[in-house]
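Visitor: Once you've had a glance at the structure underneath, I'll fire off some questions.
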Amino acid sequence: MGTNGRKDEGGTAPPEETAADFVIVGSGIAGLYCALALAAAGADVVVVTKSRLTQGNTRFAQGGIAAAFDEQDSPELHFQDTIQAGAGLCAAPAVRVMVEQGPGFVRDLIALGAHFDRENGEIALAREGAHTQHRVLHARGDATGEEIERALSRRASGIPVRVDENTFALELALDATGRCTGLLAVAADGSPRRYRARATVLATGGLGQIFASTTNAEVVTGDGMAMAMRAGAHIMDMEFVQFHPTALAVEANPRFLISEAVRGEGAVLLNEAGERFMTRVHPMADLAPRDVVARAIARECDRLGAQHVWLDARRLEGGVSARERFPTIYSRCIEHGIDMERDLVPVAPVAHYCMGGVRTDTWGRTTVPGLLACGETACAGVHGANRLASNSLLESLVFAGRAAEAALPYDGGGWKTGLLEPEGAWSAVGDMPGCLGSFRGTAVPGAPGGGAPSAGCGWPEALNRVRRIMWRDFGIVRRGPAMSQALQELNGIGRGLCDAAPDCRDGREVPGPGWAETANVFSVAFLVAMSAWQRTESRGGHYREDYPDPLPEWRKHTLLRLDGRTVVHAYAPLENVEV
Ligand SMILES: Cc1cc2nc3c(=O)[nH]c(=O)nc-3n(C[C@H](O)[C@H](O)[C@H](O)COP(=O)(O)OP(=O)(O)OC[C@H]3O[C@@H](n4cnc5c(N)ncnc54)[C@H](O)[C@@H]3O)c2cc1C
């Protein structure tokens, strides 16, 4: 996981204190772009990141970033494609902001030094699945995220942004009015660090690592969502997880993604018997929507007792060379002894992207004053129940820029967001086990003064169990009775994690990153599980075998928040925000 190689010790010394105008957690596209925007306006900014500066999902992005640049294209067409992909659940006002302001923010990214591929001097625009226009900017073929991360991290190192690498953000600090005043973190050597700031921005990415099989970077463990939950923020649409149909099926964490663009160039899926099966599943065959392809692969594997299917990229359309068109994918396959131009590639579906997250308005403001969120951690509702390919880098960029704009004039008092009131009353759905509702007063098992973990309750074991349960029962196909059983199993694991975390109320110790990360994985998994259990329909990334169709009464967003130790839920209206 993200904290590998780190001592899992709580600190005993008083926390080192840092004061800044703004503290930002995370150094992917969202965190770095927000930090650069704030610093450019003269603010004093600290970025806290739990591993090295460039670790995260951003550098893994292959396909590109979508924006209406082409003469034939327009924000309106981009809006329509996004709404169509979102399966009836997109928050239209947030989508409008993203598609209309997207091109301007992408131009700024280029001005900051990101180089996108060009053809005859013009920016080259690819067309991806479910986009009706050519609108996807890419870099070095399939290395778009690497190029964006390179450009932003280079800039961040060159101007006054302090970056604290290998520093794990643990818990948000709240004052007596419930306003966020900074955070508590733990450094690589186990020493605690306190950050005080006028506003705090969560940009910690998604939650892929709560599943046993994922494309997501090891550091992507849902920490920001868990921290926001413990601070009382609204968490939205957690049941909507996108499963990518084609990751390289070799034992690895994370799993390497074989982009949809390979099928776009004519590669086809074959089952264990060497037959094309997508032609009998969907009129668009191998280019059907991601969730349809992922489910068809899962069914085909079940039917034939196989662990994976095959991708045949040996003959691409128009004689395109896989080696030249997809250099990164080609060379990664070669590392595993697979030559895409001669061999079939084993592929299987994996957890890929989280449509839900910390509920925000279109300025990144959460329901907790002083706390903003942007990037994959946040949820303003732009992706609805299913993300349109290449919209996530764009969303991260646009709303990180707007979060910076909203944070700059913030005076440190209360605030009014543009979020609409929930529909109906909040009602209880379950209890967050013991200390997982708040880390305050929790020392890490095994840390100095912390005592030893109880047998069977060590965090590495709990982590693996949670990840296996989530993959098995809250993965591509969900079933009511299995989910109900799994929720009970999760409860037991959560209680074990708490038993293993001895009480330590002398204020000197903090949990170590290993235990804290596992607690975050557990908490976020619990939120996904409860949301999936509540939503008795199928829509976008959420598919239930016992409720296989979308239902009109479910066109609303699931909200969860913590009330004491109780998780309560309500629904937000479809629009989520006022314009
Ligand atoms: C394989 C792959 C391919 C993809 N391809 C595309 C694509 O082509 N187009 C597209 O639009 N999207 C794509 N995506 C999705 C996109 O990459 C992500 O949604 C986006 O990069 C998220 O950016 P972010 O800044 O929110 O998070 P990330 O880039 O994931 O960064 C999160 C940061 O938070 C830090 N962090 C986390 N927890 C803590 C903590 N407790 N304390 C301190 N720091 C913490 C991490 O270390 C990291 O720096 C892809 C994703 C994957 C996995």
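Visitor: Could you please let me know if Leu207 is under 16 Å from the mean Cα position of the chain (by Cα) and modelled with pLDDT of 95 or more? Before you say what the answer is, go through the steps one by one.
Guide: On the way: under 16 Å from the mean Cα position of the chain (by Cα): yes; modelled with pLDDT of 95 or more: yes.
Yes: the conditions hold for Leu207.
Visitor: Here is a further query. Might you let me know whether the range 36-53 holds any residue that is within 13 Å of the ligand (Cβ to nearest atom), in a helix (DSSP H, G or I) and not hydrophobic (A, V, I, L, M, F, W, C)?
Guide: No, the range 36-53 has no match at all.
Visitor: State yes or no: is Arg107 away from the ligand (no atom under 15 Å from the Cβ), among the charged types (D, E, K, R) and over 23 Å from Gly357 (Cα atoms)?
Guide: So Arg107 passes the test.
Visitor: Among the numbered criteria (1) touching a strand residue (DSSP E or B) at 6+ places or on another chain (Cβ under 8 Å); (2) closer than 23 Å to Met225 by Cα; (3) buried (at least 20 other Cβ atoms within 10 Å of the Cβ), which one does Thr58 miss?
Guide: The single condition Thr58 does not satisfy is (1).
Visitor: Another question about this same structure. Identify all residues within the range 167-182 that are more than 9 Å from the ligand (Cβ to nearest atom) and touching a residue at least 24 places away in the same chain (Cβ under 8 Å); write none if there are none. Can you show your working first?
Guide: Applying the first criterion (more than 9 Å from the ligand (Cβ to nearest atom)) to the range 167-182 yields 171-182.
If the condition is that a residue be more than 9 Å from the ligand (Cβ to nearest atom) and touching a residue at least 24 places away in the same chain (Cβ under 8 Å), then Glu171, Leu172, Leu174, Thr177, Gly178, Arg179, Cys180, Thr181, Gly182 are the ones that fit.
Visitor: Same structure again: Identify all residues within the range 391-406 that are surrounded by 24 or more Cβ atoms within 10 Å (Cβ to Cβ) and either among the hydrophobic types (A, V, I, L, M, F, W, C) or near the ligand (Cβ under 10 Å from one of its atoms) (or both); write none if there are none.
Guide: Once the filter is applied, which keeps residues that are surrounded by 24 or more Cβ atoms within 10 Å (Cβ to Cβ) and either among the hydrophobic types (A, V, I, L, M, F, W, C) or near the ligand (Cβ under 10 Å from one of its atoms) (or both), the range 391-406 yields Asn391, Ser392, Leu393, Leu394, Glu395, Ser396, Leu397, Val398, Phe399, Ala400, Ala403, Ala404.
Visitor: Further, regarding this structure: Is the range 90-101 home to any residue that is more than 30 Å from Pro548 (Cβ to Cβ) and within 15 Å of the ligand (Cβ to nearest atom)?
Guide: For the range 90-101, residues more than 30 Å from Pro548 (Cβ to Cβ) and within 15 Å of the ligand (Cβ to nearest atom): present.
Visitor: Within the range 266-307, count every residue that is in a helix (DSSP H, G or I) and among the aliphatic types (A, V, I, L, M).
Guide: Of the residues in that region, 10 qualify.
Visitor: Same structure again: For the range 75-100, how many residues meet the condition of being in contact (Cβ under 8 Å) with a residue 24 or more places away in the chain and part of a helix (DSSP H, G or I)?
Guide: Restricting attention to the range 75-100, the residues satisfying the condition of being in contact (Cβ under 8 Å) with a residue 24 or more places away in the chain are 75, 77-78, 80-100.
Now restrict to residues that are part of a helix (DSSP H, G or I): 75, 77-78, 80-85, 92-100.
Residues flagged as in contact (Cβ under 8 Å) with a residue 24 or more places away in the chain and part of a helix (DSSP H, G or I) within the range 75-100 amount to 18.
Visitor: Identify the residue in the range 124-156 that is more than 14 Å from the ligand (Cβ to nearest atom), out of contact with any Lys or Arg (no Cβ under 8 Å at 6 or more places or on another chain) and free of Cβ contacts under 8 Å to residues at least 60 places away in the same chain and, among all such residues, is nearest to Arg387 (Cα to Cα).
Guide: Applying the filter and picking the extreme gives Thr132.
Visitor: One residue is enough: does the range 184-191 have a residue meeting the conditions within 30 Å of His383 (Cβ to Cβ) and within 12 Å of the ligand (Cβ to nearest atom)?
Guide: Yes, the conditions are met somewhere in the range 184-191.
One line per residue, one yes/no per condition, for (1) of a type in the set (Ser, Thr, Tyr); (2) closer than 19 Å to Gly26 by Cα; (3) at pLDDT 95 or above; (4) in a loop (DSSP other than H, G, I, E, B):
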site	(1), (2), (3), (4)
Glu341	no, no, yes, yes
Thr362	yes, no, yes, yes
Ala389	no, no, no, yes
Glu395	no, yes, yes, no
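Visitor: Right, something else. (1) farther than 19 Å from Ala130 by Cα; (2) within 16 Å of the ligand (Cβ to nearest atom); (3) surrounded by 15 or more Cβ atoms within 10 Å (Cβ to Cβ): which one isn't true of Ala252, the others all being true?
Guide: Condition not satisfied by Ala252: (3).
Listed here are the residues, each with its yes/no results for (1) within 16 Å of the ligand (Cβ to nearest atom); (2) among the small types (Gly, Ala, Ser); (3) touching a residue at least 60 places away in the same chain (Cβ under 8 Å).
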site	(1), (2), (3)
Ala516	yes, yes, yes
Asn520	yes, no, yes
Val528	no, no, yes
Ser531	no, yes, yes
Arg535	no, no, yes
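The values are calculated or read from the model by the stated rules, or taken from the named source; none is laboratory data. Predicted model only: the values in this text are computed from it and were never measured. Here the Cβ is made from the backbone with ideal geometry for all residues, glycine too, and neighbour counts use every protein chain on show.
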